[in-house]
Amino acid sequence: MKGVKSIFLKNFIIYSLVVMLSFTALGGAFIYQISRYAARERESALAAAVSRASAYTAEYMQIAPNMIGSSFSLQAYEKFYRNSVMGLADNLDGILFICDEEGEVLFFATGEGCYVHEERVYAPQAAQEAVEQKGRFYEMGNFSGLLTSPHYTLGAPAQSGGQTLGMVFASLPADSSLKLFANISSTFILMIFVVFLVVLAVTYAMVNNTLRPLRNIAAATRNFGRGDFSARVAVPKQRDELYALTVSFNHMADAIENMETQRRDLIANVSHDLRTPMTTIGGFIDGILDGAIPQEKQEYYLRIVSEEIRRLSRLANSMVEVSRLESGQRALNRTSFDISEMARRIVLGFERQLTEKEIDLNLDIPEKLELCADHDAIFQVVYNLIDNAVKFTQQQGKIIVYLSAKGGKVQCNIVNTGPGIAPEDIDHIFERFYKGDRSRSAKVTSSGLGLYIVKTLVNRHGGDIYAKSGNGQTEFCFMIPQKI
């Protein structure tokens, strides 16, 4: 659970940081663009006012000296000039400073009037920068101490014929711009905060929903560790990687549960198959040793003991064979041989049993049928199937062994009469230790591994095997490729 929590926290923190940084970058870019736009608008308004004021000032400074001696005309022209500058200041809603070429302030104009500065005040640095930067001065400050609050100030020389006659500076209060910036910033920060909370909630729900299958898988694995293999994980509706992971996990859980069931069945079946003959062997030997069994019957019971020992040997050999097959230790040694001759030899080995049970055997096999496969493996397959048929065929029953080559495959059918296989057992008879209906095999000693080994060997040859039962007979059929 700690691992899942760390994954959740890491993903949640990463998503949150990405969202926060994205909104911060977006907000910064937005505020920057708004500020730039406001600055351009402000600078454009200052530049327009300075341009017109520079034209008025250059004309005034060029004409006014020539009007000395005519006081009325000079006063009238100066009044006209001041009104013009005042009108520009009023339209700008700011302040205009008119300076000589040295930077001494001659007039300052607002929307209320144009005044002569009472004291000799200079702005030499501003004037010098305006000239050096080819008619351009711009700052945000108090304009050499002439202003009591921060202003945006733009200045340019008033020139005529390439000669600088004076300087004109236009100032706008910075308070409005700062207030605009503060309002935009506060609004955007509030918006970011609200959206960020919403995004955090959505991110939390999304990450939590994404990791829910992982939590369920972790819980299921803990149950597995306690020996409970029944836990399964709900499959997500959305078909994504987690869907595939969940489906794979459930399939793995099914396989583990089946393996555990098989393990328990294996222990139970092996214990049963070992206990029964060993009990029989022990009982008869004890009876012989303590004299409970008469001497004339000892040979009879010793034969039973011998049969039980061989039964134990067959069980041990079958289990070793299953282990070799499942571990892949038994490699196929393919050779070419006559499977018809093999079938005839196997049938001859069951001659005594066939005679005792008066079984009618019908061999429907070709004279010769070549097959390229592992000789010992195919021998074991055919032997086990015929042995199975002989065991379950009743007295005076019938067995048919059929061999043919069809479509590049060798087909072998073994049919026997008898009680048959129950429909509920037909799909399980090839499983390990499965013995099906106990009444059908009550008198038959079997380890329950023969058909499992048969199916495994057939499948390893790239073939298939099936069984069907009904109408008083049972048929096993396997097909394997005739050549590699």
Members of segment 214-230 found to be of a type outside the set (Lys, Arg), in contact (Cβ under 8 Å) with a residue 60 or more places away in the chain and either open to solvent by 40 Å² or more (accessible area, probe 1.4 Å) or in contact with a Phe, Trp or Tyr (Cβ under 7 Å, 6 or more places away or on another chain) (or both), listed by number: Leu214
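Quick grid of which residues meet (1) under 22 Å from the mean Cα position of the chain (by Cα); (2) under 30 Å from Ser16 (Cα atoms); (3) touching a residue at least 24 places away in the same chain (Cβ under 8 Å):
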| residue | (1), (2), (3) |
| --- | --- |
| Phe143 | no, no, yes |
| Leu147 | no, no, yes |
| Thr153 | no, no, yes |
| Gly166 | no, no, yes |
| Leu190 | no, yes, no |
| Ala205 | yes, yes, no |
| Arg232 | yes, no, no |
| Pro236 | yes, yes, no |
| Leu245 | yes, yes, yes |
Unmet criterion (only one of (1) under 22 Å from Phe97 (Cβ atoms); (2) in contact (Cβ under 8 Å) with a residue 40 or more places away in the chain) for Leu211: (1)
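For segment 380-420, enumerate the residues that are part of a strand (DSSP E or B), open to solvent by 50 Å² or more (accessible area, probe 1.4 Å) and over 17 Å from Leu348 (Cα atoms).
Ala405, Lys406, Lys409
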Any pair with Cβ under 7 angstrom, 6 or more apart, that starts in segment 464-484 at a residue that is open to solvent by 20 Å² or more (accessible area, probe 1.4 Å) and among the basic types (Lys, Arg) and ends at one that is part of a strand (DSSP E or B) and modelled with pLDDT of 90 or more: Lys468/Glu475; Lys483/Cys372
Test: residue in segment 295-307 that is within 26 Å of Glu431 (Cα to Cα), modelled with pLDDT under 85 and either assigned to a helix (DSSP H, G or I) or small (Gly, Ala, Ser) (or both): yes
Odd one out for Thr355, checked against (1) open to solvent by 70 Å² or more (accessible area, probe 1.4 Å); (2) in contact with a Leu (Cβ under 8 Å, 6 or more places away or on another chain); (3) at pLDDT 85 or above: (2)
Yes/no for Ser35 being surrounded by fewer than 16 Cβ atoms within 10 Å (Cβ to Cβ), free of Cβ contacts under 8 Å to residues at least 60 places away in the same chain and of a type in the set (Gly, Ala, Ser): no
Qualifying residue in segment 169-178 (condition: of a type outside the set (A, V, I, L, M, F, W, C), crowded, with 16+ Cβ neighbours inside 10 Å and more than 18 Å from Glu43 (Cβ to Cβ)): no
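Could you say which residue among Pro366, Pro423 is assigned to a loop (DSSP other than H, G, I, E, B) and open to solvent by 50 Å² or more (accessible area, probe 1.4 Å)?
Pro423
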Selection count, segment 441-481, where residues are outside any loop (DSSP other than H, G, I, E, B), among the small types (Gly, Ala, Ser) and modelled with pLDDT under 85: 1
Failed condition for Leu190, given (1) surrounded by 15 or more Cβ atoms within 10 Å (Cβ to Cβ); (2) in a helix (DSSP H, G or I); (3) among the hydrophobic types (A, V, I, L, M, F, W, C): (1)
Filtered residues of segment 149-159 (kept if open to solvent by 30 Å² or more (accessible area, probe 1.4 Å) and either at pLDDT below 80 or in contact with an Asp or Glu (Cβ under 7 Å, 6 or more places away or on another chain) (or both)): Ser149
Conditions (1) crowded, with 16+ Cβ neighbours inside 10 Å; (2) at pLDDT below 80; (3) not in a loop (DSSP other than H, G, I, E, B); number of the one not met by Ser144: (3)
Filter pass, Glu112 being acidic (Asp, Glu) and at pLDDT below 80: no
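The values are calculated or read from the model by the stated rules, or taken from the named source; none is laboratory data. Treat the numbers as computed from the prediction; the structure is a model and nothing was measured. Note that we place each Cβ from the backbone using ideal geometry, even for glycine, and neighbour counts take in every protein chain shown. Accessible surface areas use protein heavy atoms only, side chains included; no ligands, DNA or RNA. Shrake-Rupley method; radii C 1.70, N 1.55, O 1.52, S 1.80 Å.
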